[in-house]
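Bear in mind that the values in this text are calculations on the coordinates, not laboratory data. Fair warning: this is a prediction, and the values are worked out from it, not measured in the lab. In this analysis, Cβ positions are derived from the backbone assuming ideal geometry, glycine residues included, and neighbour counts consider all displayed protein chains.
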Amino acid sequence: MNNLSVPHLLGIRDLTLMDIETVFKTADSFKEVINRPIKKVPSLRDITLANVFFENSTRTRLSFELAAKRLSADMVNFSASNSSVKKGETLIDSVNNILAMKVDMVVLRHASPGAALFLSQHTSAKIINAGDGTHEHPTQALLDAFSIREKLGSLKGKKVAIIGDILHSRVALSNIYCLQKLGAEVMVCGPSTLIPKHVHLLKVHVSHNLREALLWCDVANMLRIQLERQEAEYFPSLRDYTLHFGLNRALMDSLQKEILVMHPGPINRGVEITSEVAEGPNSIILNQVENGVAIRMAVIYLLASDIER
């Protein structure tokens, strides 16, 4: 088993190019497994994971749960909405109580940037960051890059446009780090109010014109508007946003070139993307969902390699 250079998966920024390639190579093997009639391997029968989610999630939580079960690991789910957190219990207390039940690995989603790092410094378990505020979402970036690689063969020299609410998106930041490490060029596109002020420091191209971004790119990764994170009005209306930054079939046809269309979900249909495009021939959205399980199996498997058993 090839180890990663890091003891936890806290963010893409911490990974080397070799780490990313190791995850991809391992995910290739597991993708083969999950397409067999018997979709399970006994690799981690003696490992217990906890899904600890302080924010709502369906796809990511289920994807990690399925990944753990495919590896024959035990999985427990912890949701803050029906826990003692509502009674004032702290993050550390909550997780230490879970670890006292002999849990080896924690998959953490939390509203505060840095929560996964904080936890890794205060517990003995392996920590996988499943999203920390507006900071990072490393497994989403890995599965996105893996999905592009699967379709285009390599990311080196490819042009990827990340379009939408960049300001509030942890997916955007992790994707930028991951794509650049793999040799891709990145553009961010959206209203000026939803582009971070110092984004140029990340060495990305910036556009406020959707058509310009689509003509430039090989891959368009459409992000949703994260209204739940917005404390102010960043554009006049959703209708106005859709008019200027919504991806529809007519716009796709007018490009006279083929591009891949991605979306990390959940999709706001009819806002940033129409159903016709989301389900059309250019879309690899369902590939992303399938690849999410394989990537998360790979991450769990690789991090578990040095757990004492």
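Of PHE245, LEU108, LEU71, which is farthest towards the positive pole of the chain's charge dipole, taken about the Cα centre with +1 and -1 on the beta-carbons of Lys, Arg and Asp, Glu respectively?
LEU71
Give me the compactness ratio for the range 123-169, meaning the Cα radius of gyration over 2.2 N^0.38 Å.
1.45
In debye, nearest 20, what is the charge dipole magnitude of the range 138-288 about its Cα centre with +1 on Lys and Arg Cβ and -1 on Asp and Glu Cβ, if you could check?
440
Grab the Cα-Cα distance for MET18 and SER124, subtract it from 0.36 nm times how many residues apart they are, and report the gain in nm with one decimal.
Details: separation 106, 0.36 × 106 = 38.16 nm, distance 2.52 nm.
Computed gain between MET18 and SER124 is 35.6 nm.
Averaging sequence separations of C-alpha pairs under 8 Å and six or more residues apart, then dividing by the length of the range 138-288, give the relative contact order as a whole percent.
So the answer I get is 24 percent.
Just to be sure I understand the model, the point goes 7 Å from the Cα along the line to the Cβ. What's the resulting ASP306 to ASP46 distance in nm?
Each label point lies 7 Å from its Cα, and together they span 1.8 nm.
Å³ per residue of the Cα convex hull, for the chain?
134
Can you tell me the alpha carbon radius of gyration of the range 138-288 divided by the globular rule-of-thumb value 2.2 N^0.38 Å?
Working: Rg = 14.0 Å, N = 151, 2.2 N^0.38 = 14.8 Å.
Ratio of Rg to 2.2 N^0.38 Å for the range 138-288: 0.95.
Near ARG249, within a Cβ-to-Cβ distance under 15 Å, what is the net charge of the other residues, with Lys and Arg +1 and Asp and Glu -1? Kindly include the intermediate steps, with their values, before the conclusion.
On the way: positive: ARG211, LYS257, ARG269; negative: ASP253, GLU258, GLU272, GLU276, GLU279.
Within the 15 Å Cβ shell, the charges total -2.
In debye, nearest 20: dipole of the range 43-200 around its Cα centre with unit charges on the Cβ of K, R (+) and D, E (-)?
Dipole size: approximately 400 debye.
Two decimals, Cα atoms only, Kirkwood Rh: what is Rg/Rh over the range 1-136? Don't skip to the answer; put the middle values down first.
Working: Rg = 15.2 Å, Rh = 15.8 Å.
On the Cα set of the range 1-136, Rg over Rh gives 0.96.
Which of the aspartates and glutamates could be linked to LYS102 by a straight reach, that is with a Cα gap under 19 Å, when you skip same-chain ones fewer than 8 residues away?
Result set, ordered by chain and number: ASP46, GLU65, ASP74, ASP93, ASP306, GLU308.
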